[in-house]
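Reviewing the structure listed below.
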Amino acid sequence: MKLEQVRQAYASVAELYIELFGTSQQVHADDLAFIARHLAGRSGTVLDLGCGPGHITDYLRSLGVDATGVDMVPEFIAHARATHPSGRYQLGSMDDLDIPDHSVTGILAWYSLIHLPPQQFDGVLTRFRRAMAPSGTLVLGLFVGDEVDAFDHKVATAYRWPLDEVSERLTRAGFTEVERLPRLSDDTHRPHAAIAATATEG
C-alpha cells in the first residue's frame, strides 16, 4: 500500500483513532516502561516518528526528553498541538526525514512501520541509522508472527514480523539489539512486541 493511501486511511478515521488510542493512559504500562527505559535521559533530540495524536511524545517530554512528534496525518498533528501546546509536532514522513545526518539521539517508531511493505523495511532502517548520533537508540513497536506476512488491519494492510528477522535487519542497517519485549495475544490484541537497538559504532 502506498504511503498516500495509508495517510488517507488514517485521516478518515482520525477522530475515532484519537478516542481509542489518544492518551498515554491507553498505552500498556509495560510498553511505557520499555519506552522510558531506552529513551529517557537522552541529552539530544528524540523523534517520535508516526506520533499519531502525540500522546507518547508528550509522555517522553514529561520525562525530560527533548522529543519532537512527526506524523503525515494533518488531523493528528492538529490534535497534538491543541492538546499538548508545550510540545513540538510537525507534519512529515519517515520516507523523507528532513534532518541532518547523525543529529538525533533517539527514534521511536511505535507501530509506525506496520504498514511498510517488507521490501521497503531495510531502506527505512538505513535512513534511521543515518539520522542517528553515535550510540543513539531506536525503539520499535510491531506485530509479530512466525513469518513475514500481511494481514487485514482495521485501517490499512499491515505486516507481521518474526522478531529474530527484525533483529537481523537491524544488524544489517547498523544497529545492535539490546532488548525485546514480546507480548502474547489476548482477546483484543494480536501478538506484538517492542524491540530496542543501539546504533553500532563505526
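So how many residues does the range 123-157 have that are surrounded by fewer than 18 Cβ atoms within 10 Å (Cβ to Cβ) and farther than 17 Å from Ser93 by Cβ? Matching residues across the range 123-157 total 14.
I'd like to verify a number: residues in the range 50-83 that are more than 21 Å from Ser103 (Cβ to Cβ), not in a helix (DSSP H, G or I) and not small (Gly, Ala, Ser), how many? Qualifying residue count, the range 50-83: 2.
Looking at the range 85-95, is at least one residue surrounded by 15 or more Cβ atoms within 10 Å (Cβ to Cβ), under 21 Å from Pro191 (Cβ atoms) and out of contact with any Cys (no Cβ under 9 Å at 6 or more places or on another chain)? Within the range 85-95, none of the residues are surrounded by 15 or more Cβ atoms within 10 Å (Cβ to Cβ), under 21 Å from Pro191 (Cβ atoms) and out of contact with any Cys (no Cβ under 9 Å at 6 or more places or on another chain).
Taking residues in the range 81-98 that are of a type in the set (D, E, K, R), and partners anywhere that are part of a helix (DSSP H, G or I) and modelled with pLDDT under 95, the pairs with Cβ atoms closer than 7 Å and at least 6 places apart or on different chains are Asp95/Leu3. Given the structure, is Val166 surrounded by 21 or more Cβ atoms within 10 Å (Cβ to Cβ) and of a type in the set (A, V, I, L, M, F, W, C)? Yes: the conditions hold for Val166. Within the range 173-180, can one find any residue that is buried (at least 19 other Cβ atoms within 10 Å of the Cβ), outside any helix (DSSP H, G or I), of a type in the set (Phe, Trp, Tyr) and in contact (Cβ under 8 Å) with a residue 24 or more places away in the chain? The answer is yes; a qualifying residue exists.
The values are calculated or read from the model by the stated rules, or taken from the named source; none is laboratory data. Quick caveat: nothing in here was measured; it's all calculated off a predicted structure. When we count neighbours, we look across all protein chains shown, and the Cβ atoms used for this are built from the backbone with ideal geometry, even at glycine.
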